[in-house]
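Participant: The structure that follows is given in the form of structure tokens.
The values are calculated or read from the model by the stated rules, or taken from the named source; none is laboratory data. Predicted model, so just to flag it, every value in this text is computed and none were measured. Methodologically, a virtual Cβ is constructed for each residue, glycine included, from the backbone with ideal geometry; neighbour enumeration extends over all protein chains shown.
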Amino acid sequence: MTAANLLTVCGIFHIGFIIFHIRFRQIFNWDNDLQSISYVNRQIMPILNWCLTFLFIAFTYLMLFESNELLRTSIGRFLLYVITGFWAFRLVLQFVYFGWKSKRSNQFALLLFVGNVLLISIIFLNQQAY
């Protein structure tokens, strides 16, 4: 599989996260659960969620429509490293905040790990090509 093909897979991976984050309010019952925290914190949660959703839309666009630039330009390769770093950091935070005890959390961490492997594979394949 080529780096360009893996970028398409990663673009689809990010579409999944876009859908997941759009549904956060429902999935995590924010209308009820966030009532117990302060007004400011209650407002920050959806703001951060929508900012992440926007970031995932940008990642998706880059991977599906700007793969040449991601793979062949210095700024593109830098962005690829940034995206990979983002997901690696997110994986670490999963264990920092959720630990190892929850089966569901570990399943989610596995998904994050697979995404990281895909992104690292793109970087590796791209370095071999040039």
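Participant: Under 6 Å between Cβ atoms, which residue pairs at least 6 apart in sequence (or on different chains) link something in region 8-26 that is farther than 23 Å from Glu69 by Cβ with a partner that is in a helix (DSSP H, G or I) and not small (Gly, Ala, Ser)?
Facilitator: Pairs that qualify, where the first residue is farther than 23 Å from Glu69 by Cβ and the partner is in a helix (DSSP H, G or I) and not small (Gly, Ala, Ser), are His21/Asn49; His21/Leu52; His21/Thr53; Phe24/Asn49.
Participant: What pairs come out if I take residues in region 69-91 that are exposed (fewer than 14 other Cβ atoms within 10 Å of the Cβ) and pair them with residues that are in a helix (DSSP H, G or I) and at pLDDT below 95 whose C-beta lies under 9 Å away, six or more apart or interchain?
Facilitator: Pairs found: Arg72/Asn126.
Participant: For region 1-22, what are the residues that are under 15 Å from the mean Cα position of the chain (by Cα) and surrounded by fewer than 19 Cβ atoms within 10 Å (Cβ to Cβ)?
Facilitator: Selection gives Thr8, Val9, Gly11, Ile12, Ile15, Gly16, Ile18, Ile19, Phe20, Ile22.
Participant: Something else now. I'm checking my understanding of the structure. Among residues of region 54-68 that are surrounded by fewer than 18 Cβ atoms within 10 Å (Cβ to Cβ) and not hydrophobic (A, V, I, L, M, F, W, C), which one is farthest from the chain's Cα centre (by Cα)?
Facilitator: By that ranking, first place goes to Asn68.
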